[in-house]
Each structure stands twice: as structure tokens, then as C-alpha cells.
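This report concerns only the one structure given below.
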Amino acid sequence: MLNERTRTRLGSTTQQSPNFAFTLCGLPDSKLSKSDQNLLQSISDLPIRLISETPFATMFRQVAHRLLTRSTTTYSAGAAASIRRPYSTEVVADASSGDSAFVEAWKKVAPNIDPPKTPIQYMEPRPPTPSTLPSKLTVNFVLPYAAELSKAEVDMVIVPATTGQMGILPGHVPTIAELKPGLLSVHEGNDVKKYFISSGFAFVHSNSYADILAVEAVPLDRIDPAQVQKGLSEFTQKLNSASTDSDKAEAQIGVDVHSALNSALTG
Amino acid sequence: MAMAALRKEGRRFAPLVSSPNPINAIRSTLAPTEEQVGLGVRSISTQVVRNRMKSVRNIQKITKAMKMVAASKLRAIQVRAENSRGLWQPFTALLGDTPSVNVKKNVIVTISSDKGLCGGINSTSVKISRALHKINSGPDTQCKYVVLGEKGKAQLIRDSKKDIELIMTELQKNFLNYTQVSVLADDILKNVEFDALRIVFNKFQSVVSFLPTTATVLSPEIVERESEAGGKIGDLDSYEIEGGETKSEVLQNLAEFQFSCVMFNAVLENACSEQGARMSAMDSSSRNAGDMLDRLTLTYNRTRQASITTELIEIISGASALEG
């Protein structure tokens with residue numbers, strides 16, 4: 001089980017060799033069943049032999065044992081590559097036509113170079129559409145510098161689409177929604193988490209997976225209302241005194257964002 | 001005895017004399033009364049080796065320091081690269097991954113580093129870009145390059161100068177953040193016509209392994225075309241579009257956003273790979289320097305001992321010549 005305790009244990013081992021083993025810190029929360037752990041033991045024996053015996057090798061081996069998550073690398077020929085890090089779960093190249101056609105075309109042109117990998121090989125495949133309505137919505141809320149929510153099971157999400165606040169429940173029809181600056185709220189039981197996001201996109205898939213991508217998101221309690229008012233008045237002034245189109249557009253954006261902030265704070 | 005002592009002193013403080021040829025040296029050991037010639041040869045060989053050792057030792061120190069610097073930079077940027085990995089996944093989940101798409105206007109965005117001494121990652125990226133260029137340039141298709149980074153530019157400008165549309169360097173001068181990358185992406189989108197953008201970069205898997213990767217971003221028209229044709233993006237039609245007046249407007253925004261997100265992740269991953277590659281390159285360099293130093297030390301000791309032995313022989317044979 002990779003949990004807090006393991007993480008702190010790892011934290012203490014890495015102090016011995018900071019510049020190398022440090023790179024192995026920072027684990028996602030993932031749970032391994034007993035059978036998977038046994039499977040992992042056998043997998044992890046494979047790649048470890050290929051690491052050259054550097055001074056960090058023993059450290060690496062210990063840490064790598066604990067770090068290997070459930071990944072489908074058992075099947076992949078890429079087991080020949082070095083230790084799998086927990087974030088890059090690698091899936092074997094799709095049997096789908098796109099990848100194999102690409103590999104074919106590649107081999108004709110550059111037979112001596114390995115074809116480059118493509119992003120789909122780094123992703124876990126999404127589950128197919130279930131036949132019955134799922135009870136929970138799985139939400140991935142990502143920002144450029146962090147993944148706020150990753151596969152969180154929630155009851156409902158309300159996103160600020162450009163056409164207004166849109167509520168997403170499990171079983172929602174597949175949608176691509178463009179978002180405008182506004183309030184995003186995540187409802188889990190009686191818990192409501194509110195964020196103010198500055199535009200982005202929201203995808204809802206047929207398997208009750210919702211991906212929300214935002215450029216910037218702030219929890220509501222970190223916003224200072226006084227600053228918001230000040231910004232609003234400043235931008236309204238700029239809008240009134242703007243001369244060129246681009247200035248007007250910028251000022252308009254500022255006004256929009258600040259008024260959205262205002263209504264988010266009050267509403 | 002006094003002569004020998006004086007001679008020893010002279011040798012230690014003798015400045016670098018122009019080296020007599022080796023034949024002279026051999027003759028001097030056989031003719032023990034020829035002191036000056038033998039003296040010159042001895043001091044030079046150890047001096048040369050000593051200089052060499054000093055420079056190798058300096059190189060070792062420098063590469064060790066560079067490795068430490070790369071390690072600390074790697075630590076900082078790795079966290080950010082990993083956090084940004086969630087950003088491109090929703091797009092791949094929605095639109096699939098179509099590296100083999102057949103389009104008229106291809107643009108290959110090659111991401112490379114600005115500084116050198118980072119192993120083979122830049123050459124790998126350039127090799128992959130060239131191969132992609134070959135795959136995608138046919139009679140009715142065209143393929144252009146957009147190069148990010150000095151090293152990629154230096155390699156590609158040699159043979160593909162006319163195909164390069166845009167060159168951007170000094171990305172990492174300021175702290176890499178999403179705003180900067182989105183401005184960059186905006187630049188590319190405005191100035192380059194494309195049907196498909198293929199971003200080539202090195203994905204950071206671990207400190208010792210970097211995977212060359214290519215991510216494909218399609219223009220909205222091609223997305224529509226592919227979704228009508230079926231295949232992986234086939235079920236795009238089943239998605240309702242919220243927002244914007246028309247579907248194409250939303251798809252346009254989607255494509256631009258996708259490009260900037262994928263670029264952001266790609267640039268961070270490449271920077272990570274660069275630091276990791278530099279770390280291992282500098283590590284092997286210091287190790288090589290250490291090996292060289294060991295060998296030089298052995299040579300130095302051997303030379304030194306040989307010269308001491310020679311001197312002893314000379315003294316002893318000189319002394320015995322005096323007696324007998």
C-alpha cells in the first residue's frame with residue numbers, strides 16, 4: 001500500500017542520497033492489492049537488472065520496488081526500458097490503426113531508428129461506457145501547474161460555461177463546453193468546494209468522466225474582496241477611456257473577470 | 001655526494017628546458033659522466049605529466065560541479081513537469097491520438113535545448129524530426145519546421161534551411177510558465193499555416209531514460225474531416241457543443257488551447273530531459289576524468305621512480321669508477 005506512511009519512509013531514505021533518489025519522491029495515491037504486489041515483484045525484477053551498478057543502484061532498487069504502481073507493463077516490450085516511474089503509466093502501443101500505421105510508415109523511412117512514442121501510450125485507457133447509469137461522476141480537474149482533482153468521485157459539478165452555469169451529473173450527455181471566468185463548484189455529499197476559474201474547457205464523456213481544464217483556479221476563500229472592487233473600478237475606468245480596439249478588448253476582459261469575481265464572492 | 005644533492009635541488013627547481021630528444025636520454029644513462037643532458041630529460045617528462053594531471057583534475061572538478069547544478073535544476077523542474085502531465089490527457093481522451101493522419105500542411109515543432117553538454121537528446125529530436133519530415137513530405141503535401149532552441153536550430157539549419165518557418169531561442173531564460181508558452185503558441189498559430197502540428201520532444205521518464213515522443217495537434221478543419229470519416233475521433237459528433245455561436249468556433253478555440261497545453265507539457269518535459277541528460281553526461285565525464293587521472297598518476301610515478309633509479313645508478317657507477 002502506498003500511503004502516507006510509505007511516503008514518509010521514502011522521505012527518510014532519500015535523505016541519504018538527495019541528488020538522485022529525490023527524484024523518486026512525490027507519489028500519487030494508489031493502492032495495490034496483494035496479488036498485484038506479487039506481480040509487481042516479478043515485474044520489478046526485470047528492469048532492475050538493466051540498470052548499471054551505479055552507487056545509487058541499491059538505493060534505487062529499494063525505492064523502485066515500492067514505487068512501481070499497477071501498470072500494464074507486464075505485456076509491453078517496453079519492459080526493457082528502465083524503471084517505471086509512478087506517473088508515467090505506460091500502455092503498450094495500441095492495436096488501433098493509428099499507431100500501427102504510423103509505425104509502418106516510420107519503418108519504411110527510418111528503419112534503424114525506433115519510432116517515437118505518442119501520447120496515447122502514456123495514458124491509462126479510459127473505461128468504456130457502462131450499460132447502467134453510474135452513481136458517481138469521475139472528475140479530473142487540471143491546471144497547468146497542478147492536477148487539482150484527479151479521478152475524484154463526486155456527485156455533481158457546476159461549471160461556468162459561456163452559456164451560463166452548467167450542472168454536470170453522472171450520466172450527462174457527452175459535451176464539450178467552453179468556460180468563461182466564473183465559479184466552479186464540486187459537490188460531494190454535503191461537501192461543496194468552490195473555485196474561481198479563469199476560462200478553460202470542460203469535456204464530459206459518455207462514461208461519466210468529466211475533464212475540466214482551466215488556466216488558473218483559486219479557491220474562493222483566497223480571494224480578497226477589496227482587491228476585486230478596486231480592480232473592477234479600475235477596469236471600468238479603462239474601458240471608458242479606451243481608444244483603440246485592443247485596449248477596449250483588454251479592458252472589457254478585465255471588467256468581465258472582475259464582475260464575475262464579484263458575483264462569485266457574493267453569490 | 002654533495003654533487004648529487006646539488007643535482008637533485010637543480011632538478012626540482014629547474015625551469016622548463018627545451019626537450020632534448022629521447023636518444024640523448026638513453027645515451028646519458030649509459031654514459032654516467034654526462035650529467036647535464038640526463039638532468040634535462042628527467043625533469044621534462046614528469047613536468048609534462050604533472051601538467052596534464054592538473055588540467056584533468058580541473059576538468060573533473062568542473063564536470064562534478066556541473067552535475068550538481070544540473071541535479072538541483074532537475075529537482076526543481078521535475079515537480080512542475082509531473083504536475084503538468086494531467087493537462088494533455090483530456091485532449092487525448094477526447095480526440096484520440098492520430099500520428100498517422102494524412103494532411104497537406106504539416107508543421108513539425110522541434111523542441112531542443114539552448115545549451116550543450118547534454119548528451120544525445122538534441123540529436124535524437126532532430127533525427128526524429130527529419131524522419132517525420134520524410135514520412136510527411138510527398139508530391140502534394142508540404143512539411144515545415146518550427147524550431148525551439150539553439151541546438152536544434154544549429155543542426156536543422158544545415159540541411160533544411162528553406163523549410164524552417166520560425167525559430168525561437170532562449171526559452172528558459174525566464175522561468176518557464178504557462179503564460180510564456182501560450183504566447184509562444186499564439187505566435188506559432190498566427191504565423192504558420194498548418195493542418196497538423198507535430199511536436200517532437202523528449203519525454204522525461206527517469207533520470208537515465210528519456211523517450212522521444214511526438215504529439216499531434218490537428219487543426220479544427222481536419223478534426224471535422226476525421227470525425228466525419230470515422231475512426232478514432234469518430235464519436236466527436238456525439239458531443240454536444242456548449243458555448244460559442246458555432247461549432248467551428250468552439251473547435252477553433254479547442255485546437256488552440258490543446259496546442260498551448262501540449263506545448264507547455266512538452267517544453268517542461270524536454271527541459272527535464274535536458275537536465276537529466278546533462279547530469280548523466282557530466283557524471284560519466286567526471287568518471288572518465290577520474291580514470292584518466294589514475295592512469296596518469298601511474299605513469300607519473302613510474303617516470304619519477306625511473307629517474308630516481310637512473311640517478312642512483314649514475315652515482316653508484318660514478319663512485320665505483322672513482323674507487324676502482
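At a glance:
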item	result
Chain B - mean residue ellipticity at 222 nm from DSSP helices (-39,500 (n - 2.57) per run, n ≥ 4, rounded to 500)	-22000 deg cm²/dmol
Cleavage-rule hits, trypsin sites (Lys or Arg not before Pro), segment A:107-196, DSSP coil, Cβ neighbours within 10 Å at most 12	none
Residues B:283, A:221 arranged by fewest to most Cβ contacts within 10 Å	A:221, B:283
Cα gyration tensor, segment B:64-128 - rounded (a/c under 1.5), prolate or oblate	oblate
Residues whose placed amide H lies under 5 Å from that of residue B:241, excluding near-sequence neighbours	A:176
Paramagnetic label zone (point 7 Å from Cα along Cα-to-C-beta, residue B:142; backbone N under 11 Å) in segment B:85-111	B:105-106
Rounded to 10°, Cα long-axis angle of helix B:178-191 versus longest principal axis of chain B	70 degrees
When segment A:112-219 is reduced to its Cα atoms, the Kirkwood hydrodynamic radius in Å	14.6 Å
With 5 Å bins from 0: P(r) over segment A:225-266, alpha-carbon pairs, percent	6, 29, 29, 20, 10, 5, 1
Simple spin-label estimate for residue A:266 and residue B:170 in nanometres, 7 Å along Cα-Cβ	4.7 nm
Packing-based exposure ordering (other Cβ within 10 Å, fewest first) of A:103, B:103	A:103, B:103
For segment A:176-216: rounded, prolate or oblate by the Cα gyration tensor [a/c cutoff 1.5]	oblate
Coil-residue trypsin sites (Lys or Arg not before Pro) of segment B:72-159, DSSP, other Cβ within 10 Å capped at 15	B:104, B:115
For chain B, projected area of the alpha-carbon convex hull averaged over all directions, nm²	23.8 nm²
Cβ charges +1 (Lys, Arg) and -1 (Asp, Glu), total dipole of segment A:225-266, debye	140 debye
J(HN,Hα) series, segment B:57-63, from Karplus relation 6.51 cos²θ - 1.76 cosθ + 1.60, nearest Hz, glycine and proline x	5, 4, 4, 4, 5, 5, 5
Residue A:107-residue B:238 pseudo-label distance in nm [points 7 Å out on the Cα-to-Cβ vector]	3.2 nm
Residue among B:138, B:321, B:200 farthest towards the positive dipole end of chain B, charges placed on Cβ	B:321
Hydrodynamic radius (Kirkwood) for segment B:152-288, which is based on Cα pairs only, to one decimal in Å	17.4 Å
Peptide B:93-104 - average C-beta neighbours from other chains (10 Å radius)	6
With 10 Å bins from 0: P(r) over segment B:140-190, alpha-carbon pairs, percent	22, 47, 26, 4, 0
Likely footprinting exposure, B:207, A:218, B:49, fewest C-beta neighbours within 10 Å first	A:218, B:49, B:207
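Coordinate-derived values only; no laboratory data. Predicted model only: the values in this text are computed from it and were never measured. Every residue, glycine among them, receives a Cβ derived from its backbone with ideal geometry; neighbour counts consider all protein chains shown.
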